[in-house]
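What follows is a single structure, written as structure tokens, with notes after it.
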Amino acid sequence: MDNRFLPKIGDEANQVVSSGQKKDSDLENQEKIEDRERVLITLRDEESNNLNEDSIYFDEEKKKEVIDDMDWNYIIGFLRENIQEGTLLNLGSGVVGAHHGLASADRIKGITYLDIEEGNNQAVKEFLLSIEGDKKSEYLEEQDIEIFKTFAEALVKDEKHNFKISGEQLMTELLEKSKHKEKLDIIQCDMLEQINQLSSGELVDGRTYDNIQMSFAAFFLNYYKDKEGNYFNSDGEGNFYRYEDRNNPERELFSKEKVFEYIEGIEKIDITDVDNLSKLIDKEKTYEEIIKFFEKIKMRLNKGGKLIILDGKSYDGPEEEGGLSEGNKVNELYGNTYDWTEEEMVEFLRKAGFEIKDNEQSHGFHPISSDTPGEKEKFGDGYLYFVAKKE
């Protein structure tokens, strides 16, 4: 674990939470403790979501709550501009699913949150329950809840977002619209592995949606093919395994040296250089699987429904420094993912049957506003965005 991040959370670099507020006794095991630590860091650190008192606060001079973070203001503005009335499925909602939900809570009918990581879903659940005064939390601290409230107030007081209600009303709207059959509408699943259950409606009680949102969640496996036509994927530890064994806990692991003995053209490539691995990706299979994914999630959209994607131009995140940004499941299963480009994503979406126009409203690049060097390095200097429609 990379302790360089920890001062954001406590007084000591090796503290998980603030002094006097430890709740380790409530956590079942060390893995859960570490996952809680990851969630808190991901929320607060300036190179992640920057949800802390330095960026979200009451401005004494302006006499109102403010979000002093241009990237958050862009993200909220982008979501508010593009999410249409109706219902919303947030795929890969992450630890900030509730914060993203505030962008459209006043104009939509319902939100479903779906994420692979238990800790991410727990964070969203605790943010939502805090709206009705539930202070029982396993992951969040009081400061995170207070920042969430300030965040909501800052949104409605920012005239460019054109809210007509108070921050408290906005949070109440969010809570009510985040329920299905009187329960919080939060689903834990692997959207790639369980894409058939998702596309059929099994995971979402047969519902279709007017919007599907993917914010920093468009990651797809790289495929490698040996001379006999067998496909391999790679985990976050650099081990390779047969595609059909992906979810087998007793799967056989291979080193890249062993796997690439079987791959066409390997003798021409120095595989000790990690950058060279991209030259060995079977793009035909990788493209095929990505397009198939979008074809299937399109089945959960109503006619005229929107697919809204916001992601980093590239991603070189903190998993290289200890896996703090993503949880264990993502790092284990998706440590080696395809680094798609804007042009490729447009191609994927069109081949999957989406309508996406060639204009700056439908896809493009937005530079990162942050002066934090780590954030720019992590996301390739900016964000790629896509707004596609089901015809």
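The values are calculated or read from the model by the stated rules, or taken from the named source; none is laboratory data. Since the structure is predicted, the reported quantities are computational estimates derived from the model, not experimental observations. Glycine also receives a Cβ, built like all others from the backbone with ideal geometry; neighbour counts cover every protein chain displayed. Please note that ligands, DNA and RNA were not included when accessible areas were found on the heavy atoms of the full protein model with its side chains. Shrake-Rupley method; radii C 1.70, N 1.55, O 1.52, S 1.80 Å.
Taking a probe of 1.4 angstrom, what is the accessible area of D134 in Å², to the nearest 10?
60 Å²
So for R242, R38, R251, what's the accessible-area order with a 1.4 Å probe, most first?
On the way: R242 75, R38 5, R251 35 Å².
Largest to smallest exposure gives the sequence R242, R251, R38.
By how many nm would the segment from F58 to E344 lengthen if fully extended, with 0.36 nm per residue of separation less the alpha-carbon distance?
Numbers: separation 286, 0.36 × 286 = 102.96 nm, distance 4.23 nm.
Contour length minus Cα-Cα distance gives 98.7 nm.
If you roll a 1.4 angstrom probe over the protein chains with everything in place, what fraction of the accessible area of region 132-237 belongs to carbon and sulfur, to the nearest %? Let's see the in-between values first.
On the way: 2130 of 5180 Å².
Carbon and sulfur atoms account for 41 percent of the accessible area of region 132-237.
Find how much the distance from Q197 to Q169 grows on full extension, using 0.36 nm per residue of separation minus their present alpha carbon separation; answer in nm with one decimal. Don't skip to the end; give the middle numbers.
Details: separation 28, 0.36 × 28 = 10.08 nm, distance 3.49 nm.
Length gained between Q197 and Q169: 6.6 nm.
What does the net charge come to around V387 if you take all other residues with beta carbon closer than 11 Å to its beta carbon, with K and R at +1 and D and E at -1? If you can, show how the numbers build up before the last one.
Working: positive: K306, K357, K389; negative: E81, E355, E360.
Net charge around V387: 0.
Determine, for each peptide in 57-68, 333-344, the mean count of other beta carbons within 10 angstrom over its residues, then list the peptides with the highest first. Each step should come with its number before you reach the end.
Numbers: 57-68: 12.9, 333-344: 17.0.
Result, highest mean first: 333-344, 57-68.
Report the residues of region 102-121 in range of a label on D205: point 7 Å along Cα→C-beta, backbone N strictly under 18 Å from it.
Once the point is set 7 Å along Cα→Cβ of D205, 108-115 turn out to lie under 18 Å by backbone N, inside region 102-121.
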